[in-house]
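All of the numbers you see were taken from the coordinates with simple rules; none came from a lab. If you're wondering where the values come from, they're calculated on a predicted model, not measured in any experiment. As a convention, Cβ positions derive from the backbone with ideal geometry for all residues, glycine included, and neighbour counts pool all protein chains shown.
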Amino acid sequence: MAELTLRQVKKSYGNIHILHGIDLDITSGEFIVFVGPSGCGKSTLLRSIAGLEEITSGDLNIDGERVNDVPPSKRGIAMVFQSYALYPHMTVYDNMAFGMKIAGEKKEEIDRRVKQAAEILQLTKYLDRLPKAMSGGQRQRVAIGRAIVRNPKVFLFDEPLSNLDAALRVATRIEIAKLKESMPNTTMIYVTHDQVEAMTLADRIVVLKDGHIEQVGTPMELYKRP
Ligand code: ADP
Ligand code: ADP
């Protein structure tokens, strides 16, 4: 469970202002989708929430705690990127387990969480495979699994389907919809420029334009015909 509040979040690179004061409240367990044209600041906003970018001013709170100066690893956040960058020499199981091994988690706990994530993502029968023996969509599911096992309070997705071909994109979108159902308490924020993804996944859609919020609403509210 995690609620996020963004207050006047600004981000600049030198004189170039990317985010112009974002105000947003996200409730626990909500699935939020950021949409908007390329270059409007979706990815910058997501990376700022993750702590991969330092914001220039404003406040970022997770469960009431100001996290501006909290490092990414301590924010309770996991992120899935466009390219999945699995370790090619490790099996699916070991790819998912790696982060927890590094963190010194107990073997039984690692095993329990990897198997649970594999179950959710229908990867159980692929645990012994190497990434090269899997399709792009399956690999992206492994990348999602690697994020799940960290037990994040907040799950961030940066255009996770954009490198997949059309058929895999649909199949993987359905997996993400199931993931949302199976982790109802986990707050999820998802960046895309695909309207179908936004409509089918979002509880609420945030439309960004030129570094500010243009509209916020449910898919019904935003896409209903007059
Ligand atoms: P989106 O995800 O909506 O496509 P981004 O957040 O990636 O947009 O980028 C928003 C704007 O910020 C773009 O105009 C981009 O060129 C600019 N930008 C991103 N990163 C940097 C950087 N490190 N230095 C300068 N400008 C950047
Ligand atoms: P390590 O590479 O960490 O030494 P092991 O191969 O010794 O791991 O396995 C340790 C535990 O991890 C096993 O008890 C098993 O439950 C689990 N495990 C490892 N690989 C798999 C797999 N492919 N599928 C299911 N469980 C696995």
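Miscellaneous remarks
- For region 50-103, the Cβ-based charge dipole about the Cα centre amounts to some 220 debye (Lys, Arg positive; Asp, Glu negative; other atoms uncharged).
- Compared with the dominant Cα axis of the chain, that is its longest principal axis, helix 166-182 is turned about 90°.
- Sorted peptide list for 96-107, 169-180, criterion being average Cβ within 10 angstrom, highest first: 169-180, 96-107
- Each principal axis of the Cα cloud of region 156-226 was taken in turn, and the coordinate range along them, longest first, works out to 31, 29, 27 Å.
- Gyration tensor verdict on region 5-49 (Cα atoms; rounded if a/c is under 1.5, prolate if a/b is larger than b/c, oblate otherwise): oblate
- Ellipticity at 222 nm from helices only: DSSP H runs of n ≥ 4 in the chain, each -39500 (n - 2.57), divided by the residue count, give -10000 deg cm²/dmol.
- Sorted on the mean count of surrounding Cβ atoms within 10 Å across their residues, most packed first, peptides 134-143, 34-43 read 134-143, 34-43.
- Cβ charges +1 (Lys, Arg) and -1 (Asp, Glu), total dipole of region 86-181, debye: 80
- Helix 107-120 axis, angle to the chain major axis (alpha carbon atoms, nearest 10°): 70
- The packing ranking of peptides 214-221, 45-52, 2-9, highest mean first, is 45-52, 2-9, 214-221, where packing means the average number of other beta carbon atoms within 10 angstrom of each residue.
- Under Karplus coefficients 6.51, -1.76 and 1.60, residue-wise ³J(HN,Hα) of region 84-100 in Hz, glycine/proline x: 8, 6, 7, 6, x, 8, 9, 5, 4, 4, 5, 4, 6, 7, 3, x, 6
- Rounded if a/c under 1.5, otherwise prolate or oblate - the chain, Cα gyration tensor axes: prolate
- Chymotrypsin sites (Phe, Trp or Tyr not before Pro) lying in DSSP loop within region 145-226, provided at most 14 other Cβ fall within 10 Å: none
- Between Phe34 and Tyr190, Val191, Thr192, Val206, the built amide H atoms are under 5 Å apart, and every one of these is 5 or more places off in sequence or on another chain.
- Legend: distances between Cα atoms for Lys178/Lys209; Lys11/Lys42; Lys10/Lys42; Lys11/Lys209; Lys42/Lys209; Lys132/Lys178; pairs beyond 18 Å are Lys178/Lys209; Lys132/Lys178.
- Between the helical axis of 136-148 and the longest alpha-carbon principal axis of the chain there is an angle of about 80 degrees.
- Cα gyration tensor category, rounded, prolate or oblate, for region 79-146 with a/c compared to 1.5: prolate
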